[in-house]
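The values are calculated or read from the model by the stated rules, or taken from the named source; none is laboratory data. The structure presented is a predicted model; accordingly, all values stated were derived computationally and were not measured. Here the Cβ positions follow ideal geometry from the backbone for every residue, glycine too, while neighbour counts run over all protein chains shown.
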Amino acid sequence: MYYCKKINSNMIFQLWVFTIIFNILLCCDRLYAAVLTLESQLTIRQTMNQMRASVNVFNKSDANSFDLTLEIKFSNEFKEFQTIPCFRPKEKEVFSHDFDIHDNMKGTFPLIVEIQFHDSNLFPFYSLHCAPISINSQEQTNILFADIMDVEISDQTIVNVLLTPLDNSHKVVSAKMVVSGAFICHNDKQSFILGESQNLSYRISTKNALPGTTHSAFVVLSFMKNNVSHTQIVPFRIDVAPVSTFVFFEKQWGIWIYILSGIIWMIFVSYVSIVYKKNRIQP
């Protein structure tokens with residue numbers, strides 16, 4: 001006949017509490033994100049043959065931002081700067097690039113600046129700017145009135161743009177959707193002949209946008225008139241629908257939590273089993 005010594009109930013209770021606290025702390029560590037605030041300022045300087053675009057970036061927050069990248073697009077040129085692995089609090093950085101001005105460039109052209117970085121929990125953040133830059137001409141003609149509403153998105157959405165002509169000219173208009181890397185626009189470039197009102201639709205889906213965040217987006221309208229390029233920029237806002245923090249966390253990290261919880265539980269069961277066997281006594 002066998003009998004068992006009573007296993008220390010306090011020890012089992014402590015192990016159980018440790019398991020619960022470990023999982024809670026792990027969740028908190030993943031969910032905590034310091035508030036990051038990066039301030040940026042764009043400066044343009046022109047000469048006869050070049051345009052220098054300078055972006056001053058300042059980390060106003062009290063936390064580090066990581067893998068800071070900056071891209072500038074102008075006309076058909078694209079400049080991506082070297083990634084800054086760690087951008088410390090109160091640190092400043094200036095990104096400058098010289099774009100060539102060709103003889104046939106006359107009018108207004110869009111300049112797009114996108115800044116990307118993430119926090120210590122790998123949560124991504126984006127900043128997007130778009131502005132018309134005048135080259136060799138101060139003439140600016142608006143032949144369109146654009147009506148666009150701010151949108152809210154959870155997975156994907158349709159952005160509708162109503163374009164109304166302001167004159168009787170029949171111009172070929174290019175309409176490009178500009179969004180940050182947090183989204184994907186599946187039909188970002190469209191063109192049409194302006195005559196009557198046009199209703200354009202763009203399908204946008206989320207890539208890694210954080211729930212509850214707000215993002216700037218733009219529709220860039222370009223057309224030629226009297227051999228002069230004209231650009232109209234129509235801004236709007238994309239609001240990412242808020243969801244339960246736990247739901248987002250589970251979607252991103254839940255599988256690892258389940259694996260770790262299972263490992264901890266197996267260790268706990270094995271430990272109790274070993275203690276049980278050691279305390280089993282045969283009279």
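Would you check if LEU210 is in contact with a Ser or Thr (Cβ under 8 Å, 6 or more places away or on another chain), at negative phi and either assigned by TED's automatic domain parsing to the domain that holds PRO110 or not β-branched (Val, Ile, Thr) (or both)?
Values: in contact with a Ser or Thr (Cβ under 8 Å, 6 or more places away or on another chain): no; at negative phi: yes; either assigned by TED's automatic domain parsing to the domain that holds PRO110 or not β-branched (Val, Ile, Thr) (or both): yes.
So LEU210 does not fit the description; no.
Please list, ordered by residue number, the strands (runs of 3 or more DSSP E) wholly in the range 1-107 having 3 or more residues that are aromatic (Phe, Trp, Tyr) and either surrounded by fewer than 15 Cβ atoms within 10 Å (Cβ to Cβ) or modelled with pLDDT of 90 or more (or both). Before the answer, list the steps.
On the way: elements: 38-46, 50-59, 65-74, 77-80, 84-87, 92-100.
It comes to none.
Please indicate, with yes or no, whether at least one residue in the range 63-84 is of a type outside the set (Val, Ile, Thr) and in contact (Cβ under 8 Å) with a residue 60 or more places away in the chain.
Just the residues of the range 63-84 that are of a type outside the set (Val, Ile, Thr), to begin with: 63-68, 70-71, 73-82.
Among the residues that remain, those that are also in contact (Cβ under 8 Å) with a residue 60 or more places away in the chain are: 65.
Yes, because at least one residue in the range 63-84 is of a type outside the set (Val, Ile, Thr) and in contact (Cβ under 8 Å) with a residue 60 or more places away in the chain.
Counting only residues that are in contact with a strand residue (DSSP E or B) (Cβ under 6 Å, 6 or more places away or on another chain) and of a type in the set (D, E, K, R), which one in the range 156-185 is farthest from VAL240 (Cα to Cα)?
Restricting to residues being in contact with a strand residue (DSSP E or B) (Cβ under 6 Å, 6 or more places away or on another chain) and of a type in the set (D, E, K, R), the top hit is LYS171.
One line per residue, one yes/no per condition, for (1) surrounded by 16 or more Cβ atoms within 10 Å (Cβ to Cβ); (2) farther than 25 Å from VAL113 by Cβ; (3) out of contact with any Phe, Trp or Tyr (no Cβ under 6 Å at 6 or more places or on another chain):
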{"site": "LEU128", "(1), (2), (3)": "yes, no, yes"}
{"site": "ASP155", "(1), (2), (3)": "no, yes, yes"}
{"site": "HIS170", "(1), (2), (3)": "no, yes, yes"}
{"site": "VAL178", "(1), (2), (3)": "yes, no, no"}
{"site": "ILE184", "(1), (2), (3)": "no, no, yes"}
{"site": "ILE193", "(1), (2), (3)": "no, yes, yes"}
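Say we look at the range 237-252 and pick out the residues that are surrounded by fewer than 16 Cβ atoms within 10 Å (Cβ to Cβ), of a type in the set (A, V, I, L, M, F, W, C) and out of contact with any Pro (no Cβ under 6 Å at 6 or more places or on another chain); which of these is modelled with the lowest pLDDT?
If we take residues in the range 237-252 being surrounded by fewer than 16 Cβ atoms within 10 Å (Cβ to Cβ), of a type in the set (A, V, I, L, M, F, W, C) and out of contact with any Pro (no Cβ under 6 Å at 6 or more places or on another chain), then PHE246 is modelled with the lowest pLDDT.
It is to be established whether one or more residues within the range 186-199 are in contact (Cβ under 8 Å) with a residue 40 or more places away in the chain, of a type in the set (Ser, Thr, Tyr) and in contact with a strand residue (DSSP E or B) (Cβ under 8 Å, 6 or more places away or on another chain). Quick ask: steps written out before the conclusion?
First, the residues of the range 186-199 that are in contact (Cβ under 8 Å) with a residue 40 or more places away in the chain: 194.
From what is left, the residues that are of a type in the set (Ser, Thr, Tyr) are none.
There is no residue in the range 186-199 that is in contact (Cβ under 8 Å) with a residue 40 or more places away in the chain, of a type in the set (Ser, Thr, Tyr) and in contact with a strand residue (DSSP E or B) (Cβ under 8 Å, 6 or more places away or on another chain).
Any idea how many residues of the range 140-153 are surrounded by 14 or more Cβ atoms within 10 Å (Cβ to Cβ) and out of contact with any Lys or Arg (no Cβ under 7 Å at 6 or more places or on another chain)?
Here is the first cut: in the range 140-153, the residues surrounded by 14 or more Cβ atoms within 10 Å (Cβ to Cβ) are 141, 143-144, 146, 148, 151, 153.
The next check asks that each one be out of contact with any Lys or Arg (no Cβ under 7 Å at 6 or more places or on another chain); those that pass are 144, 146, 148, 151, 153.
Of the residues in that region, 5 qualify.
Could you list, ordered by first residue, the pairs with Cβ atoms under 6 Å in which the first is in the range 144-162 and in the same structural domain as ALA175 (by TED's automatic domain parsing) and the second is of a type in the set (Phe, Trp, Tyr) and surrounded by 12 or more Cβ atoms within 10 Å (Cβ to Cβ), at least 6 apart or interchain?
ILE148/PHE236; ASP150/PHE236; VAL159/TYR202
Is it true that VAL234 is surrounded by 15 or more Cβ atoms within 10 Å (Cβ to Cβ), under 28 Å from ILE135 (Cβ atoms), out of contact with any Ser or Thr (no Cβ under 6 Å at 6 or more places or on another chain) and not assigned by TED's automatic domain parsing to the domain that holds PRO110? Walk me through it before giving the result.
Values: surrounded by 15 or more Cβ atoms within 10 Å (Cβ to Cβ): yes; under 28 Å from ILE135 (Cβ atoms): yes; out of contact with any Ser or Thr (no Cβ under 6 Å at 6 or more places or on another chain): yes; not assigned by TED's automatic domain parsing to the domain that holds PRO110: yes.
Answer is yes for this residue.
Considering only the range 117-126, how many residues are surrounded by fewer than 19 Cβ atoms within 10 Å (Cβ to Cβ) and either of a type outside the set (Gly, Ala, Ser) or within 16 Å of GLU77 (Cβ to Cβ) (or both)?
6
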